[in-house]
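Worksheet: one structure, shown below.
The values are calculated or read from the model by the stated rules, or taken from the named source; none is laboratory data. Keep in mind the model is a prediction, meaning the values are calculated, not measured. Every residue, glycine among them, receives a Cβ derived from its backbone with ideal geometry; neighbour counts consider all protein chains shown.
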Amino acid sequence: MTIYMSIIMIFMYIIGNMIFVSKKKHLLITLMSLEFIVLSLYVLMLFYLTMIGLNMYMLMIFLVLTVCEGALGLSILVSMIRTHGNDYFQSYNLI
């Protein structure tokens, strides 16, 4: 059962990377694909750490960094929407 779950999580990771690479029009879709990748990595790490029998301190650090990444992404999104009115990458220069 755990082999099937790990294969599913690796498949989720690959799908998240494909969405991240292909969708470059909206910032919100990019941020959601990054969170999807992080979620699949979290579940994969959870399965492997419980199988090996190690403690979960690494998962706590991973979750803290994930929350910081999500908050930073949302603050950038809100700032872009306030200044430009939308989250399209083509409507403004990034430089």
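Quick one: what pairs do we get from the range 1-13, first residue over 15 Å from Glu35 (Cα atoms) and of a type in the set (S, T, N, Q), second surrounded by 13 or more Cβ atoms within 10 Å (Cβ to Cβ) and at pLDDT 80 or above, C-beta under 8 Å, 6+ apart or different chains?
The qualifying pairs are Thr2/Phe47; Ser6/Leu44; Ser6/Phe47; Ser6/Tyr48.
Residue-by-condition table, conditions (1) in contact with a Phe, Trp or Tyr (Cβ under 9 Å, 6 or more places away or on another chain); (2) surrounded by 15 or more Cβ atoms within 10 Å (Cβ to Cβ); (3) closer than 19 Å to Ser75 by Cα:
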residue	(1), (2), (3)
Ile8	no, no, no
Ile15	yes, no, no
Lys24	yes, no, yes
Val38	yes, yes, yes
